[in-house]
Amino acid sequence: MPLTDREDHTDTLLLVEDSDTQALRIRRMLESHGFHVHRVASGEDALDTLDERLPGLVIADYHLPGMNGGQLARQLRMNAVTRTIPVLILTEGIEPGLEREGLESGADAYIPKSSDPALIVFRIRALLREHAAHAPSLLPQRVFRRARIMVIAPEPAHRRAVPELIDQLRRDGHIVTLCPDPARLEPSLLHDPDHVPDCVVIDLACREFDGLEVCRRLDEWRQEDLLSGNVPPRILGVDGAPRPDAKEFSARVFEAGIDDLVSRDVGPAALALRIRVLVRRKLLQDDVRRIEVERQAREIAVKSARAEAAAIASKASLAEALEQANRELADANRKLIETQGKLVQTAKMASLGELVAGIAHEINNPLAFILAHKDTVARGLDRVIGMEANCADPDHDSRAAILNKCRDRVGSMNMGLRRIQNLVLNLRKFSRLDEGLFQLIDVPEALETVMALLTQKLGSGIMVRRRYEAPDRLYCQAALLNQVIMNIISNAADAILAAQPDDMSVRGGIAEGEIEIHTFLSHNGEGQDSYVFVITDSGPGIAPDVQERIFEPFFTTKPVGAGTGLGLAIAYSVVQAHHGSLSVGRAPQGGARFTISVPWNAGPAGEGGPSPSVHPSSITRAE
């Protein structure tokens, strides 16, 4: 059954299966339960069908020619319209880590093909129920397009890493073109909506052309494109040549307009991940711009309706028509602003979680290897020191001193390695993929994870006072603590730094101040307790006129390039999702005071919470 129109068809299942035999078996099973099934043989073909009609659910084999099922799910999650389509991954075998990889890519469920057909049908119906409530009612003219990547590098015959990178990017579902001669590039490249790349990758180590000059030229073109209201492409440089002036070269590269600089030594897979992050941010901005254009068009339409209503002022229904137009305009603006904030939050957190989880995993393996061998070296040194103690050689004292010094250094290494291990653990906790689900959270542990990740920003001069008087457990989304608390504390540290006197250099450039985190239970007398977080700082405070707009999306008092204006707006929406409140005021010592109050629930079944465990007040200096 081909997809021949653009109507939304939520009861149609898109089956992506390259095996004709398997596809026929699955299709007959699904059609026997009343589903409409359209089958394609590859992930690329699946993406090409989305402009014709959106399916209600995608069923994909994990092992596909070209991009696999996980990469197909990742492509769907990068588009605002297809982001909510459920994805069910089927596979023949159960390979170690395969389910985790598929789910981390954005799939909603993972089921072996050998499972009971009834179980597969039940999972499909459950996913379709969720999607039907959130299916988009209005679709743009073009629903989906794959990201376009341009690689500016010599011919692949001269660089073995170039074809490997291109193959990796194409498996990710991107459209990749190779440009071996940048002299042929024209400014019109950035003005052609059907061919303009989303990301340009430049080989800075080749001798065939000057990579820095190419960066400058592309940056000049995209600045002109930016003035016309378009979203310019990202530029990523790849450099693998050893340089005696590495710092000066990096400075020149970023001055030339590059967005990211990566060493070729990281390998094609890691390089493709960095490109994927840049592309996701660019496509996100494309979606935000499209939403803004739609908002403006709708606003113009509403204004036209007002003018038309004014032309028939003699009719008694004029007042009612104008009132209806005003309500529609206010409702449309509110929904579009909420959609923009949620869109930015979703892509940002997905990008951050994917990147942080990948980095933490890559660091953890060599770290465990080093720790194991460190213990072996330490035991060997202890044995040699014991042998030296019974030696009568005249150089015994000198050798014993050297060995003792080595043992001390091994002990110092152990402290550093354990600190790295704790940091990796905190990163993995912060980037967990279930942060959108309600679950039982250990509040003190979550707060300490946030503080550990903000150690660099707090420095050694900002003291953090903790007063945990509320129960340890709170049933909520992890984003309530991970993102809301982090945004507020990060802003407090910025405010303290901005309020430092001009002679801060006398103290060695260390910002001094204090932040207090206070948790307690509030009883309203109606049987519903509230879990309250109060965060105060010793900064300059927030002006009354700024307090009225501080939670608006894209409003910021920071300099251009230092903030997006979304941190507190996202925090406000997360607290609202918990049916709570977020307010700002003035602290007794003159700084800002943020109060977060959410209904207290100790668990999903609503059972009574544990007795509060009060932590004594303590003051800790950030390390």
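Just so it is clear, none of the values below were taken in a lab; they were calculated from the coordinates. Because the structure is a prediction, the values reported are computed rather than measured. Cβ placement follows ideal geometry from the backbone for every residue including glycine, while neighbour counts extend to all protein chains displayed.
Using packing as a proxy for protection, rank 109-116, 573-580, 244-251, 274-281 so that the peptide with the highest average count of other Cβ atoms within 10 Å comes first.
Per-residue mean Cβ counts within 10 Å order the peptides as 274-281, 573-580, 109-116, 244-251.
Going by how many other beta carbons lie within 10 Å of each one, how would you line up Cys215, Cys206, fewest first?
Cys206, Cys215
Report, in listed order, any pair from Lys282/Lys303; Lys113/Lys282; Lys247/Lys405; Lys282/Lys335 with a Cα-Cα distance greater than 29 Å.
Violating the 29 Å limit, Cα to Cα: Lys282/Lys303; Lys113/Lys282; Lys247/Lys405.
Fewest Cβ neighbours within 10 Å first, please rank Met150, Met463 accordingly.
Listing Met150, Met463 from fewest to most nearby Cβ atoms yields Met463, Met150.
Using the Cα gyration tensor of segment 9-134, with a ≥ b ≥ c the square roots of its eigenvalues, what is the shape: rounded (a/c below 1.5), prolate (a/b larger than b/c) or oblate (neither)?
Because its axes are fairly even, with a/c under 1.5, segment 9-134 counts as rounded.
Less than 14 Å Cβ to Cβ from Arg252, Lys/Arg counted +1 and Asp/Glu -1: what total charge do the surrounding residues give?
Around Arg252, the charge tally is -4.
Taking amide hydrogens as modeled 1.01 Å from N in the peptide plane, which residues meet the under 5 Å criterion relative to Val231, leaving out close sequence neighbours?
none
Rank the residues Asp265, Asp210 as a footprinting-exposure proxy: fewest other Cβ atoms within 10 Å of their Cβ go first.
Ranking Asp265, Asp210 by Cβ neighbours within 10 Å, fewest first, gives Asp265, Asp210.
Taking square-rooted eigenvalues a ≥ b ≥ c of the alpha carbon gyration tensor, is segment 159-245 rounded, prolate or oblate, where a/c under 1.5 means rounded and, failing that, a/b exceeding b/c means prolate?
Since a/c reaches 1.5 but b/c is at least a/b, the shape of segment 159-245 is classed as oblate.
Once you charge only the Cβ atoms, +1 for Lys and Arg and -1 for Asp and Glu, what is the size of the charge dipole of segment 148-285 about its Cα centre, to the nearest 20 debye?
That gives a dipole near 500 debye.
In what sequence, highest mean first, do 587-598, 32-43, 59-70, 528-539 appear when ranked by Cβ atoms within 10 angstrom?
Packing order, densest peptide first, comes out as 59-70, 528-539, 587-598, 32-43.
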